[in-house]
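Reading through the structure tokens given below for one structure.
The values are calculated or read from the model by the stated rules, or taken from the named source; none is laboratory data. The structure presented is a predicted model; accordingly, all values stated were derived computationally and were not measured. Reconstructed Cβ throughout: ideal geometry from the backbone, glycine too, with neighbour counts over all protein chains shown.
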Amino acid sequence: MADTATHDVTLGEAFAAEVGSGHHATNTGYTNEKLGMWVFLGSECLLFGGLITTYLLYQDRAVEGPLPKDLYDIPFTSVSSFVLLMSSLTMVLAVSSQVQGDLRRARTWLVGTALLGATFIAGQVYEFTSFVKEGMGYTTNLAASAFYTLTGFHGVHVTVGIIMLASLVALSASGRLGQDRAETVEIVGLYWHFVDVVWILIFTIVYLIT
Amino acid sequence: MSVTDRNDAEVGATDEESETPPDIEAISHVSDWKYIQIAIILAVITAAEVATYYIDTGPLEVPLLIAMMIAKFVLVIMWFMHLKFDSPLFTRTFVAGLAMAVVVYIAVLSMFEFWA
């Protein structure tokens, strides 16, 4: 009887400790949230791999209308790529500041990252608009469909990332994202960096290797 | 002092009493200057990539571009995504998905190239 009572108290204390820390204990020593994000990113490799492969297969398939590679504006896309690459720097500096407990600086870097992401999306909207004006719509030919699907999916991922960054800024501003939740910022950062590495692949394979 | 500043101060005070997870502890030893150095290297590689569009490098163009792409990819995942310091479990998880994607899609491309 006494053993059962002691056992109950121990479980209760463990539960309270887990709830208090905001994390469940795992046998890996790392949180389920972080491992879950890495599993998700591994699966995203298959999604973007499929989209890039589809583009490679159809990049020259056009019965009518221009091909995407005939319309590329490499200087413009290079600037967009540079903007997204630098957003990875601001993101990692946000994580670093959060880990060090400098929450005001972390918020500044998070806002900067979101703004750089928004600049990239604005560039993509401009690019798509100019391509449509040049006569390459989504259904003009197979190459155009594959191009818009690939880059559009990436754009949606960047947009989701911006929403997550805005949520972090709102949480931080309301005092609900302290130094103890640095891992939350890191997990969003993992997603953001993944979106950046996917663009590193797209920029080279789709735009530069013709 | 604003409401936000007060909240930050309160959170900072409680944090000192809590244990820091090992992965977060590892990140805290990397300086901001190191991240900036990595970003400069990435920017230089990107500039070199764009240069290949204007400078004729002949048959070396594609191998050069792929090498630079892989270099940028590795730098970002190792330093910015902290795989260099983090648990090998995360590296294995990510590389498993990446390797599966590469193998499956190279097989698909080969099939269309040779049998379609």
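Observations on the model:
- Residue in segment B:70-79 that is farther than 18 Å from A:ILE202 by Cα and at pLDDT 95 or above present: yes
- Residue count for segment A:72-88, restricted to those that are aromatic (Phe, Trp, Tyr), assigned to a helix (DSSP H, G or I) and touching a residue at least 24 places away in the same chain (Cβ under 8 Å): 1.
- Test: A:VAL197 is closer than 23 Å to A:THR53 by Cβ and touching a Pro at 6+ places or on another chain (Cβ under 9 Å): no
- Any hit, segment A:128-138, residues being surrounded by 17 or more Cβ atoms within 10 Å (Cβ to Cβ), over 23 Å from the mean Cα position of the chain (by Cα) and modelled with pLDDT of 95 or more: yes
- Scanning segment A:92-130 for residues that are charged (D, E, K, R) and either within 20 Å of A:PHE153 (Cα to Cα) or away from chain B (no Cβ under 14 Å) (or both) returns a single hit, A:GLU127.
- Members of segment A:102-113 found to be over 19 Å from the mean Cα position of the chain (by Cα) and under 18 Å from A:ILE187 (Cβ atoms), listed by number: A:LEU103
- Residue match in segment B:43-60 (condition: under 30 Å from A:ALA94 (Cβ atoms), part of a helix (DSSP H, G or I) and either under 12 Å from the mean Cα position of the chain (by Cα) or in contact (Cβ under 8 Å) with a residue 24 or more places away in the chain (or both)): yes
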